[in-house]
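Trainee: Here it is, the structure in full.
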Amino acid sequence: MVPADLQLALTAHKHFLEGRPNGQRLSMRGAMLTGTDLERQRLSMAMLAGADLSRSRMMRSFLDGADLFGANLTGVDLTEATLIGADLRGANLAKARMQGANLERADLRAGQLVTWVSTRQISRSQSADLAGADLRNAKFGSTDLSFANLTNANLRGADFQNATLFAANLNGADLSGANFGRARLKGALLNNCKVEGADFRGADLRQAELRNVDLSSAKMEGAQLPEEESKSLREPLSEELRQHLTSHADWIQTNGETGTRLDQAKMVLHGVNLAGLDLSGACFSQSDLTLSDLADAKLCLVQFDGARLGRVRLTGADLSGANFAGAALDMANLAAAKLGPMALVTPDGKPAGRDWPVDLRGATLRGADLRSADLRQAKLEGANFEGANLGGADLRGVDMSKVNIKGASLNGTLFDPS
């Protein structure tokens, strides 16, 4: 049911599109339209920047050229809708249903959002978010998706010909049968993707990450692959580990309904490359991950208790709520890593009202690099940071009374006021 006042505005907008008298372009910037039924509505050129359309029904609607900058479209149903040339910069389309939708020439780049706090202007960049969205057979021809978040999205059969996906994050996405012909994917993240039958002919994949991806059935003629990527594709992870990672990705995507949680407790994984993967909730208790690469990986609530992590690379990794109790992290690189608390949620996704801090009790981090790392509220009792670099790290909310920081670099480190 469409509210009466909105129905009047929709009728006036229809007249505007048809060039009829008394027509007026729809302008509902920042409007609260959650759960609205807009199926088959003509919304081309509508001004809906910042509007909240979450969980709305917009199947087969016409949104060509619409202004949806920064709009909240989470969980919206846009099945077979047309959004040709629409402005979707910074829009949130997480878990949206967009099967068969047409987004050709749409703009899904990061948007610069401006807010005011008192008299102070705060500007921040927000990428378009399509994480977990159903985009099967959707059309993205010549669309700009630079920096967009497409993690775990279903893109089976989607058309990305000539699209721009510079530095886009497609980790864990299903790209089976998708067409990326002549697409620009430089710097994109495609770790742990399914690419069976995908077409990358003529695509630019320079500096892209393709870890744990089997390209044997994909069409790659004329694709640009740097030497390091080509080498990594010739030397993939073991088939057993790859299967475990795929099952873990399903476990995350379905919230545990299918797939299996990754359990590599007490395993020898010396020098393994898992950079950029989402391994949240996995178990590596007492495993040997010495010299491994986990840079930029999502490792929320992962168990590393008692693990050997000497010289491991964890730069930029999200380790919120992880357990490192008794772990050996000597000479590890954790620069800019997130080691803050993890906000817990209930099984239905609602905030549980409490946080789960990182546990580093009894861990050794001698000579480790923790520059600009976020360690707020971490449990550090008995931890050894001797000779570590903690420059610019955030240690607010941490009890430092039983922590060894002898010889550690503390230039710019943030502590609670004494």
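The values are calculated or read from the model by the stated rules, or taken from the named source; none is laboratory data. All of these numbers come straight from a predicted model, not from anything done at the bench. Reconstructed Cβ throughout: ideal geometry from the backbone, glycine too, with neighbour counts over all protein chains shown.
Trainee: Mind checking which residues of segment 370-392 are part of a loop (DSSP other than H, G, I, E, B) and more than 21 Å from Leu301 (Cβ to Cβ)?
Mentor: Arg371, Ser372, Gly382, Phe385, Glu386, Gly387, Ala388, Leu390, Gly391, Gly392
Trainee: Could you tell me whether any residue of segment 75-86 is aliphatic (A, V, I, L, M), in contact (Cβ under 8 Å) with a residue 40 or more places away in the chain and out of contact with any helix residue (DSSP H, G or I) (no Cβ under 6 Å at 6 or more places or on another chain)?
Mentor: Checked against the condition, which is being aliphatic (A, V, I, L, M), in contact (Cβ under 8 Å) with a residue 40 or more places away in the chain and out of contact with any helix residue (DSSP H, G or I) (no Cβ under 6 Å at 6 or more places or on another chain), segment 75-86 yields no hits at all.
Trainee: Within segment 242-297, how many residues turn out to be touching a residue at least 12 places away in the same chain (Cβ under 8 Å), of a type in the set (Val, Ile, Thr) and in contact with a helix residue (DSSP H, G or I) (Cβ under 7 Å, 6 or more places away or on another chain)?
Mentor: Residues that pass the stated criteria total 1.
Trainee: Just one of Ala383, Ala352 is under 24 Å from Asp293 (Cβ atoms) and not aromatic (Phe, Trp, Tyr); which is it?
Mentor: Ala383
Trainee: Can you pull out every residue in segment 250-269 that is among the hydrophobic types (A, V, I, L, M, F, W, C) and crowded, with 16+ Cβ neighbours inside 10 Å?
Mentor: Within segment 250-269, Trp251, Ile252, Leu262, Met267, Leu269 meet the criteria.
Trainee: Sort out which residues of segment 124-151 are among the hydroxyl-bearing types (Ser, Thr, Tyr) and on the phi > 0 side of the Ramachandran plot, and write them in order of number.
Mentor: Ser142
Trainee: Next question, about the same structure. Give segment 393-417 a look and list any residue that's closer than 20 Å to Gly326 by Cβ and assigned to a strand (DSSP E or B), or say none.
Mentor: If the condition is that a residue be closer than 20 Å to Gly326 by Cβ and assigned to a strand (DSSP E or B), then Asn404 is the only one that fits.
Trainee: Let me ask something else. Can you give me the number of residues within segment 91-102 that are surrounded by fewer than 24 Cβ atoms within 10 Å (Cβ to Cβ) and part of a loop (DSSP other than H, G, I, E, B)?
Mentor: Residues meeting the conditions: 4.
Trainee: Go through segment 193-223 and give me each residue that's of a type outside the set (Val, Ile, Thr), at pLDDT below 90 and surrounded by 17 or more Cβ atoms within 10 Å (Cβ to Cβ).
Mentor: Across segment 193-223, the qualifying residues are Ala208, Glu209, Leu210, Arg211, Asn212, Leu215.
Trainee: Turning to a different aspect of this structure: Go through (1) out of contact with any strand residue (DSSP E or B) (no Cβ under 7 Å at 6 or more places or on another chain); (2) crowded, with 19+ Cβ neighbours inside 10 Å; (3) modelled with pLDDT under 95 and name the single condition Arg120 misses.
Mentor: (2)
Quick grid of which residues meet (1) surrounded by fewer than 19 Cβ atoms within 10 Å (Cβ to Cβ); (2) at pLDDT 95 or above:
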{"position": "Arg20", "(1), (2)": "yes, no"}
{"position": "Ser27", "(1), (2)": "yes, yes"}
{"position": "Arg40", "(1), (2)": "yes, yes"}
{"position": "Ser44", "(1), (2)": "no, yes"}
{"position": "Leu48", "(1), (2)": "no, yes"}
{"position": "Ser56", "(1), (2)": "no, yes"}
{"position": "Phe62", "(1), (2)": "no, yes"}
{"position": "Ala66", "(1), (2)": "no, yes"}
{"position": "Thr79", "(1), (2)": "no, yes"}
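Trainee: Against the condition farther than 22 Å from Ser280 by Cα, touching a Lys or Arg at 6+ places or on another chain (Cβ under 6 Å) and among the hydrophobic types (A, V, I, L, M, F, W, C), how does Phe166 come out, does it pass?
Mentor: Values: farther than 22 Å from Ser280 by Cα: yes; touching a Lys or Arg at 6+ places or on another chain (Cβ under 6 Å): yes; among the hydrophobic types (A, V, I, L, M, F, W, C): yes.
Answer is yes for this residue.
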